[in-house]
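Data first, discussion second: the structure below is written as structure tokens.
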Amino acid sequence: MQTVTPHDQPSLVRAHHFLPTTLLGKWAVRFAVGAFLLQFAWMILPGGAALSMACAVVGGVCALIAIVHQRDRAIAVYIAVVPLVMTVLFIAAELLIGHD
């Protein structure tokens, strides 16, 4: 008779890696990094802020799809959602409050 130890049974806890494992997760991180870099280059590059917001939205949507549908649990994919949230909050504040 074979003895089963707790180490032989499959773990119910999912391991969280830092780098994404799915293709969509990798693209989400790339777009998030691009949004971050373009945000700092907006004074040099004309239209850099708009490109940064576009990258943030695309990267955030890719990250959400990778998290929900492809079950990518990488920490970098969760971080890639942050630029999307910041962009949505910025646009909402501009529409609701505006400038004086």
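No lab work stands behind these numbers, since they all come straight from the coordinates. Computed from a predicted model, the values in this text were never measured in an experiment. Counting neighbours? That spans all protein chains shown, and the Cβs are built from the backbone with ideal geometry, glycine included.
Assuming R0 = 30 Å, what is the FRET efficiency of residue 70 and residue 99, from their Cβ-Cβ distance, to the nearest 0.05? With a Förster radius of 30 Å, E is 0.15. For the stretch 23-96, the gyration tensor built on C-alpha atoms gives an oblate shape. Its axis ratio a/c (a ≥ b ≥ c) is at least 1.5, and a/b is not larger than b/c. Full extension of the segment from residue 41 to residue 61, taken as 0.36 nm per residue of separation minus the current Cα-Cα distance, would add 4.9 nm.
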